[in-house]
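Structure first, then comments.
Every number in this text was worked out from the coordinates using simple rules, so none of it is lab data. Just so we're clear, the structure is a prediction, and the values are computed from it rather than from any experiment. For neighbour counting, all protein chains shown are included, and Cβ atoms are generated from backbone atoms with ideal geometry for every residue, glycine included.
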Amino acid sequence: MNPLIGVVAHTDINRLNMPTSAIPLAYTRSIEKAGGAPVILPFTESLNLLAAMTAPIQGLLIPGGKDISPEYYQDAPIKQLGPVDKKLDAFQMALLELAIARKMPILAICRGIQLVNVAMGGSLFQDIPTQFGAPTLRHMDGDADTDHPIDIAPGSRLYTMFGAHIEVNSHHHQSIKTAAPELVITARAPDGVIEAAEHKSLPIDLAQWHPERMMLKNDMMLPLFANFVERCRS
């Protein structure tokens, strides 16, 4: 039986200038290839509907997208902050809260790792080039191809999938600054930027890079999605 995986939509404007719930196909195709059945959870301001929307699913995938409002981590916005959508933030955080209450497996990617960290009490670098210090990598330059290695912490779930090192892509200008108390950092880029984390006790895995884009090229990231889908199945 293929477990149902809720893929959280973000908001966009379509070619007719209409507000849209959207999700790149790379996410749903990665879930399908790993043996899951993706179900897109559309944006809604009616948060009372979320319990019914999520009742059938066994796991939650939180994708990349816009920046998160720094109000959520008690910071003032800087000029390098990208577009934010506080209604989207509220929608996704409410979904996250429901999933955590059910101890549901969660895979959070790019904006997803940042959202989980902020929702659990952590903070972000609003812009790596201007706030991190002296990053030696250009974290916003990548696409589907691999751009740099990451060092993975022994004993982490990520280590069991990939070992001590793996090449990843890079397409983000924000990252974790202070990790939430319940999260453990599991990987960093060579310049020290946090690239992955996991929850201390819940089945929550967080990746800063874009494994779904890498899946457009090859199956190097399939273990990440397969491990997530298998935990949803069980």
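Points to keep in mind about this one:
- Taking all Cα pairs closer than 8 Å and separated by 6 or more residues, the relative contact order of the chain comes to 22 percent.
- Take the Cα of Ala101, step 7 Å toward its Cβ, do the same at Met120, and the gap between the two points is 1.9 nm.
- Extension gain for Thr130-Met18 works out to 36.9 nm (0.36 nm per residue, less the C-alpha to C-alpha distance).
- Close lysine pairs were tallied over region 4-233: pairs 8 or more places apart or on different chains with Cα atoms under 22 Å apart number 10.
- Prolate/oblate/rounded label for region 96-188 (Cα gyration tensor, a/c 1.5): oblate
- Dipole magnitude for the chain: about 460 debye, using +1 per Lys or Arg Cβ and -1 per Asp or Glu Cβ, origin at the Cα centre.
- Listed residue (Gln74, Thr11, Ile176) projecting farthest to the positive dipole end of the chain, Cβ model: Thr11
- The ranking of Arg111, Arg15, Arg231 from fewest to most other beta carbons within 10 Å of each one's beta carbon is Arg15, Arg231, Arg111.
- Anisotropy class of region 173-212 from Cα gyration tensor, a/c 1.5 cut: oblate
- Estimated inter-spin distance, Lys200 and Thr11, nm [label 7 Å along Cα→Cβ]: 3.5 nm
- In the chain, the DSSP-assigned H stretches of four residues or longer account for a calculated mean residue ellipticity at 222 nm of -7500 deg cm²/dmol, using -39500 (n - 2.57) per stretch and the full residue count as denominator.
- Tensor-based shape of region 4-233 (alpha-carbon gyration tensor, a/c under 1.5 rounded, otherwise prolate or oblate): rounded
- 15 Å cut-off, amide nitrogen to a point 7 angstrom out along Met53 Cα→Cβ, residues in region 61-95: 61-63, 86-95
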